[in-house]
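Quick notes on the structure that follows.
The values are calculated or read from the model by the stated rules, or taken from the named source; none is laboratory data. Quantities reported herein were computed from a predicted structural model and do not represent experimental measurements. Note that each Cβ is placed from the backbone with ideal geometry, even for glycine, and that neighbours are counted across all protein chains shown. These area figures cover heavy atoms from the full protein model, side chains too; ligands, DNA and RNA do not enter into them. Shrake-Rupley method; radii C 1.70, N 1.55, O 1.52, S 1.80 Å.
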Amino acid sequence: MPEKDFAPIENDYAFFMAHATEAESDIAAYQRELNGFLREHPSLRLLDFGCGNGDFSAPLLNALNLPPETLHLTLCEPVTHQLTQAAERVARFSQHSVETLEHLSAAQDQQFDLILSNHVLYYVHDLVHTIGEMRRALQPEGKLAFAIANSDNTIIEFWKAGFALIDQPVPYYMSEDVQQALAEAGFDVQKSEAKFQLRFPDTEENRMKILRFCFGHHLEAIPLPQLVGQFDPYSQDGTIVIDTYSDHLVAERKSEN
Ligand SMILES: C[S@@+](CC[C@H](N)C(=O)[O-])C[C@H]1O[C@@H](n2cnc3c(N)ncnc32)[C@H](O)[C@@H]1O
């Protein structure tokens, strides 16, 4: 499957982030899911896989409020200027230097306690390979924590409608694929839901910002009038309002007995 280059669409993604309650909902979910695990760890080696520019990582770390002397942070992000920006943004949460990786394969011999990946796994080249790399980079008692939309999510419905217009399957992974890959890799998974709202003034340019974020370079091939019209059912008094949710998956290795 193709990877998605976020560099050309970073402003469109920032628009989505600024007009959705997704990030605060995901942060609250991670707090609920990881609180006990985090308190058990006197020192924590954390990998944020697909951190982007740190717009999510920094408020997440702020909310988790971990003692900076106990936190060892590694960031992985293929868009290099965003990786640099993210490392600057999160530096204040750790007394140790922040490690940066452009690819997970560079995490040789690392053993993380927690690998967190917030809305990234849609876009990896080979999901089974990535989950395998994460398994190798995770210490035996460690956890994986992911936010990822499932096929019922309204944004995913947009993907399905858009790619159907050009007779193509959605070229990205969803929660169902991740759950299957985790099970096959020998993980037990706890699933929960994080509800959020996307709300923005209903103009054609704003609809296009969300579509550019969703479809990246594929947008060039899709007939726009039909795709732009997908927002019509969500237009209320000049505002687009979409209420939907994402899955949260927290995984640990199955016990061997
Ligand atoms: C929707 S953004 C999420 C960014 C951040 N985690 C957040 O929650 O705001 C997806 C991110 O995944 C990154 N990404 C795409 N393919 C990746 C890969 N193979 N490995 C790591 N990150 C990847 C993109 O560059 C982008 O920054």
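Is it true that some residue in segment 37-48 is near the ligand (Cβ under 10 Å from one of its atoms) and in contact with a strand residue (DSSP E or B) (Cβ under 7 Å, 6 or more places away or on another chain)? Within segment 37-48, one or more residues are near the ligand (Cβ under 10 Å from one of its atoms) and in contact with a strand residue (DSSP E or B) (Cβ under 7 Å, 6 or more places away or on another chain).
The set of residues in segment 17-50 being within 19 Å of Leu198 (Cα to Cα), assigned to a helix (DSSP H, G or I) and either open to solvent by 10 Å² or more (accessible area, probe 1.4 Å) or free of Cβ contacts under 8 Å to residues at least 40 places away in the same chain (or both) consists of Met17, Ala18, His19, Glu22, Ala23, Glu24, Ser25, Ile27, Ala28. The residue that is farthest from the ligand (Cβ to nearest atom), counting only those in segment 58-89 that are surrounded by 15 or more Cβ atoms within 10 Å (Cβ to Cβ) and touching a residue at least 40 places away in the same chain (Cβ under 8 Å), is Leu60. The one condition from (1) more than 23 Å from Ala86 (Cα to Cα); (2) within 16 Å of the ligand (Cβ to nearest atom) that Asp188 does not meet is (2).
Would you tally the residues in segment 182-201 being in a helix (DSSP H, G or I) and touching a strand residue (DSSP E or B) at 6+ places or on another chain (Cβ under 9 Å)? Going through segment 182-201 one residue at a time, the tally reaches 2.
Screening the candidates Asn53, Asn11 for the property of being open to solvent by 20 Å² or more (accessible area, probe 1.4 Å), over 16 Å from the mean Cα position of the chain (by Cα), of a type outside the set (A, V, I, L, M, F, W, C) and within 14 Å of the ligand (Cβ to nearest atom) yields one hit, Asn11.
Within segment 158-185, if we keep just the residues that are within 16 Å of the ligand (Cβ to nearest atom) and small (Gly, Ala, Ser), the residue that is surrounded by the most Cβ atoms within 10 Å (Cβ to Cβ) turns out to be Ser175.
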